[in-house]
Amino acid sequence: MPLRTTTIEDRLRRRLGDALLTQEPLRHHTTLRIGGPAAFYFAARDAHQLVEALKAAHELELPLFLLGGGSNLLVSDAGFRGLVVRNTIEGVEFDGTAAQVGCGTDFLELIYTCRDHGLAGLEFAAGIPGSVGGALYGNAGCYGQDIGSFTIECTIASLDGATVSTRPASWFEFAYRDSRLKRDPWVLLSCLLQFRKGERGAIQAVIDEKLEVRRVKHPQWRVEPTAGSYFKNLPPGFQVPGLPHSPGTQRIPAGALLDACDCRGLRVGDAMVFAKHANIVVNAGRATAKDVLALAETMKSRVRERFGIELEEEVMFLGEKPKVNGSRQ
């Protein structure tokens, strides 16, 4: 049954005010620059606004999606027939070597702010796009390190907005590119992170090093739209003859499998495998979600046929997923 847009819009606007947008193109809010419209879109600037949006969606029985920095996300060409709430709760407050951080804070901005306060820890992640909340949700990391290792606790809200509580890091079950939030959805409001004292110059040197590595090997997502690594690396200890493990994680990189299958430069429509990294898909112009899914299926099928391995997507999909040729989904 189609949404009764006018009635729902009026009720939402009474709760959320004029900041509520309708038919907002989600391609404007993702790093891949792909996605149809959200029926309703609201950017929450503080915890009160975010909780109010959760309550409103629950009361109106609206499908709900929480959006952070828009990385690691592919949105359906048909968009999302519900309420997209963007977490823009920003701010960093320091107490010694710990920091209380709003989960809408830009991840790189947090790293720079810590540098300015002589606090080390997250500089390994310089260049990973997205928000702090998105990083926590997927336990973002690289080089064998991740944000979960620096987390003391997080304040979260239930999806209906009825409960706000603070849980210790152990509750979130942080693992490789994973957290409990993927299975037991709560909404991140803020987090308490623990750093260590460092020297600003040394911290900046690591930041510069990581940014340069990404500049050389990765697309510059502001001008070459991408969602980041498309597939997860293989589980620890998994052996594939002839392919090395990553020294940081002891996992075989998905990119190594895809390279062995000559995936660089593959293209479907305007979705293309990045020339410098076989596990990154870029939007080379006007790519659609269906283009990306078809390209990803080709990449998976090549690895499946050569190695008998089924790659698992790291990029999340939002909305109604179209069928593509050869898909097993």
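Extension gain for residue 320-residue 149 works out to 58.1 nm (0.36 nm per residue, less the C-alpha to C-alpha distance).
How high is the relative contact order of the range 176-329, given as a whole-number percent (alpha carbon pairs under 8 Å, six or more residues apart)? 21 percent.
Determine which aspartates and glutamates satisfy two conditions relative to residue 55: a Cα distance under 14 Å, and not lying fewer than 8 residues away in the same chain. Here the aspartates and glutamates satisfying the reach criterion relative to residue 55 are 160. The string of couplings for the range 275-286 from the Karplus curve (6.51, -1.76, 1.60, θ = phi - 60°) is 5, 9, 7, 6, 9, 10, 9, 10, 8, 8, x, 10 Hz, one whole number per residue in order, with x for Gly and Pro.
DSSP loop (so not H, G, I, E, B), at most 16 other Cβ within 10 Å: list which chymotrypsin sites (Phe, Trp or Tyr not before Pro) in the range 220-325 pass both filters.
238
Each Cα pair under 8 Å and six or more residues apart adds its separation to the average, and for the chain the resulting relative contact order is 17 percent. Computed with a 1.4 Å probe over protein heavy atoms only, the accessible surface of the chain comes to 46 Å² per residue. A probe of 1.4 angstrom, applied to the heavy atoms of all protein chains, finds residue 301 with accessible area near 30 square angstrom. With 20 Å as the limit, write out which pairs from 290/323; 232/276; 276/323; 300/323; 210/276 have Cα-Cα distances beyond it, or answer none. Beyond 20 Å between Cα atoms: 276/323.
Per-residue Karplus couplings for the range 47-58, computed as 6.51 cos²θ - 1.76 cosθ + 1.60 with θ equal to phi - 60°, are listed in order as 4, 4, 4, 5, 5, 4, 5, 4, 4, 5, 4, 5 Hz, Gly and Pro entered as x.
Scanning residues 5 or more positions from residue 317 or on other chains, those with amide H under 5 Å from its amide H are 74, with H placed 1.01 Å from N in the peptide plane. Of the heavy-atom accessible surface of the range 115-213 (probe 1.4 angstrom), what whole percent is carbon and sulfur? Ligands and nucleic acids excluded, carbon and sulfur reach 52 percent.
Each helix, a run of at least 4 DSSP H residues, gives -39500 (n - 2.57); summed and divided by the residues of the chain, these come to -8000 deg cm²/dmol at 222 nm. Where the alpha-carbon atoms of the chain are placed on the principal axes, they occupy 60, 52, 33 Å, in descending order. Annotation: amide H-H contacts under 5 Å for residue 119 (H modelled 1.01 Å from N, sequence separation of 5 or more, or interchain): 198.
Within the range 61-159, report the GluC sites (Glu not before Pro) that DSSP leaves as loop and that have at most 14 other Cβ atoms within 10 Å.
Numbers: sites: 61, 90, 93, 109, 123, 153; in loops: 61, 90.
Filter output for the range 61-159: 61.
Remark: the Cα gyration tensor places the range 32-73 in the oblate category, a/c being 1.5 or greater and a/b not exceeding b/c. The share of C-alpha pairs in the range 20-145 whose separation exceeds 19 Å stands at 52 percent. Using DSSP, restrict attention to beta bridges with both residues in the chain and report what percent are antiparallel, rounded to the nearest 5. Close to 75 percent. The value of relative contact order for the range 1-152, using C-alpha pairs under 8 Å at least six residues apart, is 18 percent. Roughly how many whole Å is it from the C-alpha centroid of the range 45-89 to that of the range 99-171? Distance between centres, Cα-based: 19 Å. Which residues make up the longest stretch of the chain clear of trypsin sites (Lys or Arg not before Pro) that lie in a DSSP loop with no more than 14 other Cβ atoms within 10 Å, not counting the sites? Counting only loop sites that pass the neighbour cut-off, the longest clear stretch is 5-182.
Counting only protein heavy atoms and a 1.4 Å probe, tell me what percentage of the range 19-84's accessible area is made up of carbon and sulfur. Carbon-and-sulfur percentage of accessible area, whole number: 50.
The values are calculated or read from the model by the stated rules, or taken from the named source; none is laboratory data. Quick caveat: nothing in here was measured; it's all calculated off a predicted structure. Heads up, the Cβs are rebuilt from the backbone with ideal geometry, glycines too, and the neighbour counts pull from every protein chain shown. Side chains included, ligands, DNA and RNA excluded: accessible areas come from the protein's heavy atoms. Shrake-Rupley method; radii C 1.70, N 1.55, O 1.52, S 1.80 Å.
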